[in-house]
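I have placed the structure first, in the form of structure tokens, so that the comments after it can refer back to it.
Values in this text are rule-based calculations from the coordinates and carry no lab data. Every value quoted in this text rests on a predicted model; they were computed, and no experiment measured them. All Cβ positions, glycine included, derive from the backbone under ideal geometry; neighbour counts span all protein chains shown.
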Amino acid sequence: MAPLVALAILAASPVEMRQDSDLEFAVDEAFQQDGGVQYFYELAEPGPQPSSALTRFRAMDPESTLDDPYVVVMSRLVYTVERDISFFTEARARDVSYLQQVAPDMGVRLEPDGTFRVNRTPSNRFKLTWFEEPVAGKAPAMTAFFGLLPQGAKPASVVLQKNFDFARVMGWRTGERAITYTAHFAIAPGRTRVVVCSMSLMHHLPPFFLGGRGRVFRESVDGAASLIGQLRAWTEE
């Protein structure tokens, strides 16, 4: 873990989020230059005819099967940060102080077994795996993720986050598990492109009186915008 330093969060600027209906949307360089975030989002309920996106995301999770009885929330985001690629290290990814600063509403803490606890409802745990200069072909799941990266681009690093042990809420089962792949690309000195693919498997949608599908969408998009805004604003003294 990186040594503790004095931390400060500047006021995070609003993040412009733009949804695309194509999972493999092209990167809009002008929009990225202006700080925009491009994303694809889909929510799929159990059924015999999975969408092409669900098939692609399932390939990134070795535990997924065709008869999974879960609601699946999928997203792919692409954004740019004015930070050098050297900023993104395994030590920083595992630094609880850093995680608490860029995701303050999550209430992250380190567990004795090396996993991380998320205290925000529904509470859960996650573990991280860091890949330095990864390549496709070593594992089918990583190969599937590489299929959703910008063509020809080679990431300097990839971090895989697996969430599990989701708590019940009002007696209802919530999440089963979630996976998130995050790739970092050096596009210029002091500039890094980030590509994130995430899949969450849920036992139930929130009931309609708690927002239903719309709540899941808003929390997904707003959560991503908040994290990106805090990442861009984070500084150390």
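Note on D22 and V96: the model spin-label points, each 7 Å out from Cα along the C-beta direction, lie 4.5 nm apart. Students often forget the sequence filter, so: which lysines lie under 16 Å Cα-Cα from K138 once same-chain residues fewer than 8 apart are removed? Hits, sequence-local ones excluded: K154. Report the net charge of residues surrounding T89, where surrounding means a beta-carbon distance below 12 angstrom and charges are Lys +1, Arg +1, Asp -1, Glu -1. Within the 12 Å Cβ shell, the charges total -1. When +1 charges are put on Lys and Arg Cβ atoms and -1 charges on Asp and Glu Cβ atoms, the dipole computed for region 96-197 relative to its Cα centre reaches about 160 debye. Residue exposure proxy: Y41, Y79, ordered by other Cβ atoms within 10 angstrom of their Cβ from fewest to most, comes out as Y41, Y79. Residues of region 173-210 falling in the label zone of E219, defined by backbone nitrogen less than 18 Å from a point 7 Å along Cα to beta-carbon, are 173-180, 198-210.
Working from the Cα coordinates of the chain, the gyration tensor eigenvalues give, after taking √(5λ), semi-axes of 26, 22, 18 Å in decreasing order. Each part gets one Cα centre, and for region 208-237 versus region 137-165 those centres are 22 Å apart.
Nearest 500 deg cm²/dmol is fine: what mean residue ellipticity at 222 nm does the chain get from its DSSP H runs of n ≥ 4 alone, each adding -39,500 (n - 2.57), divided by its residue count?
Numbers: 6 runs with 52 residues, N = 237.
My calculation for the chain gives -6000 deg cm²/dmol from helical runs alone.
Evaluate the relative contact order of the chain (contact order divided by residue number), counting alpha-carbon pairs under 8 angstrom at least 6 apart; express in whole percent. Show your work: numbers first, answer last.
Values: 440 pairs, mean separation 61.0, N = 237.
Once divided by the residue count of the chain, the mean separation gives 26 percent.
Scoring 173-183, 56-66 by mean Cβ neighbours within 10 Å over their residues and listing the highest first yields 173-183, 56-66.
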